[in-house]
1. Given the condition away from the ligand (no atom under 12 Å from the Cβ), under 17 Å from residue 170 (Cα atoms), modelled with pLDDT of 95 or more and assigned by TED's automatic domain parsing to the domain that holds residue 61, answer yes or no: does some residue in segment 262-271 qualify?
2. Among (1) polar (S, T, N, Q); (2) within 26 Å of residue 213 (Cβ to Cβ); (3) outside any helix (DSSP H, G or I), there is one condition residue 277 misses while meeting the rest; what is its number?
3. Hey, among the residues in segment 176-209 that are over 27 Å from residue 308 (Cβ atoms) and touching a residue at least 60 places away in the same chain (Cβ under 8 Å), which one's surrounded by the most Cβ atoms within 10 Å (Cβ to Cβ)?
4. It is to be established whether one or more residues within segment 364-372 are buried (at least 18 other Cβ atoms within 10 Å of the Cβ) and outside any loop (DSSP other than H, G, I, E, B).
5. Among the residues that make up segment 225-236, is at least one of them within 24 Å of residue 260 (Cα to Cα), within 16 Å of the ligand (Cβ to nearest atom) and hydroxyl-bearing (Ser, Thr, Tyr)?
6. What is the number of the single condition among (1) closer than 24 Å to residue 268 by Cα; (2) in contact with a strand residue (DSSP E or B) (Cβ under 7 Å, 6 or more places away or on another chain) that residue 67 does not meet?
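The values are calculated or read from the model by the stated rules, or taken from the named source; none is laboratory data. Since the model is a prediction, treat every value here as computed from it, not as a measurement. Glycine gets a Cβ as well: all are built from the backbone with ideal geometry, and neighbour counts include every protein chain shown.
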Amino acid sequence: MKSLFSTLMKNFEGYAIGKTLAYLSDPEIISFAGGLPSNDVFPLDIIQKAAERSLKEDPAHVLQYSPIPGEKKLVQAIIEYLKTDNIHIEPENIMITTSGQHGLDLIGRLFLDPKDTIVIDLPTFGGALAAFEMEDAQYVAKDIEKDGSDVKGMEAGIEECINDGRKPKFIYVVPDFQNPSGITMHLEKRLALLSLSKKYGIPLVEDSPYRELRYRGEHLPSIYSLDENQGNVIGLYTFSKILCPGIRVGFNIGPAEVIDKFSFIKGANILNTPKLNQDICTAFLREYDLGSHFKKAIKYYNEKLNFFLETIEENFPKDMDIVWTKPEGGLFLWITVPEDINTSDLFYKAVEKKVAFVPGEVFYPEGYKRYNAMRINFSYPTKDEIAEGVKRLSSVIKKYKAEKKD
Ligand SMILES: Cc1ncc(COP(=O)(O)O)c(C=O)c1O
């Protein structure tokens with residue numbers, strides 16, 4: 001059968017994190033690997049209430065096919081919600097997706113022919129890389145800096161591509177608490193990136209799953225809001241991290257011509273997003289005390305982050321030559337180890353000692369791989385697990401280094 005697979009799919013191995021997570025079925029493993037929001041902050045009360053109500057009051061519609069672009073009530077609730085973040089759009093500028101990953105898939109399918117080039121940070125979200133790899137993408141890839149994308153490097157890369165006759169199709173960034181690095185893009189860079197997008201007529205894809213989860217520092221405008229809905233930016237959102245990932249609902253916003261095409265593609269791949277799940281999101285936005293909900297989530301995650309940072313400081317002394325990011329929000333931080341430590345190797349040794357992370361390699365496309373970093377999720381493990389897990393991680397790294405010397 002394999003010989004019949006398409007050439008592209010023969011070599012496609014999916015989102016590499018999946019392979020990592022497959023090792024983690026052992027309940028004794030303390031995992032810093034998943035991208036999981038904590039079950040403790042899911043608003044179960046409104047989810048249950050909304051689901052029961054929808055099934056009771058409107059079963060005929062809930063159990064049927066529903067409109068491809070999404071439920072009007074949810075679209076309207078999101079339009080209102082986005083106003084609180086200074087984004088002002090019309091129904092023609094939004095389509096409901098079946099989660100953020102679906103939003104990424106639509107971007108890849110709409111813009112990319114095989115071997116087309118896109119502009120990304122290094123590292124960047126592995127799920128996005130997987131979605132773009134499905135379309136056989138190539139990259140202008142520049143190391144992310146402490147304050148966000150290397151805009152100058154990106155511009156030089158874009159120039160080079162244009163001179164080569166292959167203008168990049170879009171720029172992909174996660175400006176708020178980037179997955180995997182936890183880095184936040186400063187305002188000047190948001191503006192510079194937007195100018196770059198306008199100067200070259202290359203759309204900017206702004207992926208924003210974590211925006212509401214800011215624990216410190218000043219709230220920064222989204223690039224979408226800076227563009228004032230002028231059509232240079234496509235925004236990708238999901239309810240996964242602010243409500244829960246299980247319901248698989250998100251939305252893409254952007255110019256009407258792009259949204260129209262998304263609807264056609266969605267009709268061909270997923271068709272519709274379950275109405276029941278959309279009704280839950282509508283109730284969450286319309287009826288829930290979002291202020292208190294986010295406050296609770298922020299307090300909860302911030303405590304975990306602070307505790308993780310303290311624990312790592314205690315367990316990774318300076319002579320280990322290890323550095324880590326100190327995110328202002330989101331769910332991840334990024335640990336860089338000396339070059340002689342290969343974290344893809346280290347992963348297996350760590351799993352033997354019952355602790356896990358995601359090897360940094362997953363967040364670099366083929367041809368750009370680096371092996372001396374790891375992504376840490378601090379939001380899911382308990383404080384006791386963090387204390388024990390960081391200790392285990394420190395001793396695994398020390399042992400790895402000692403064995404290398406011998
Ligand atoms: C940057 C980024 N984009 C998209 C997604 C996908 O979100 P979803 O779980 O809604 O598919 C994630 C999930 O971790 C993410 O971190």
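1. yes
2. Just one mismatch for residue 277, condition (3).
3. So the residue we want is 205.
4. So far as segment 364-372 goes, no, none of its residues is buried (at least 18 other Cβ atoms within 10 Å of the Cβ) and outside any loop (DSSP other than H, G, I, E, B).
5. To start, the set of residues in segment 225-236 that are within 24 Å of residue 260 (Cα to Cα) comprises 225-236.
Still in the list and also within 16 Å of the ligand (Cβ to nearest atom): 233-236.
Now narrow it down to the ones that are hydroxyl-bearing (Ser, Thr, Tyr): none.
No: segment 225-236 contains no residue that is within 24 Å of residue 260 (Cα to Cα), within 16 Å of the ligand (Cβ to nearest atom) and hydroxyl-bearing (Ser, Thr, Tyr).
6. Every condition holds for residue 67 apart from (2).
Per-residue answers, yes or no, for (1) under 20 Å from residue 369 (Cβ atoms); (2) more than 16 Å from the ligand (Cβ to nearest atom); (3) in the same structural domain as residue 132 (by TED's automatic domain parsing); (4) of a type in the set (Val, Ile, Thr):
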site	(1), (2), (3), (4)
6	no, yes, no, no
9	no, yes, no, no
14	yes, no, no, no
27	no, yes, no, no
34	no, no, no, no
38	no, no, no, no
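Residue by residue, here is whether (1) touching an Asp or Glu at 6+ places or on another chain (Cβ under 9 Å); (2) under 24 Å from residue 261 (Cα atoms) holds:
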residue	(1), (2)
53	yes, no
63	no, no
82	no, yes
105	no, yes
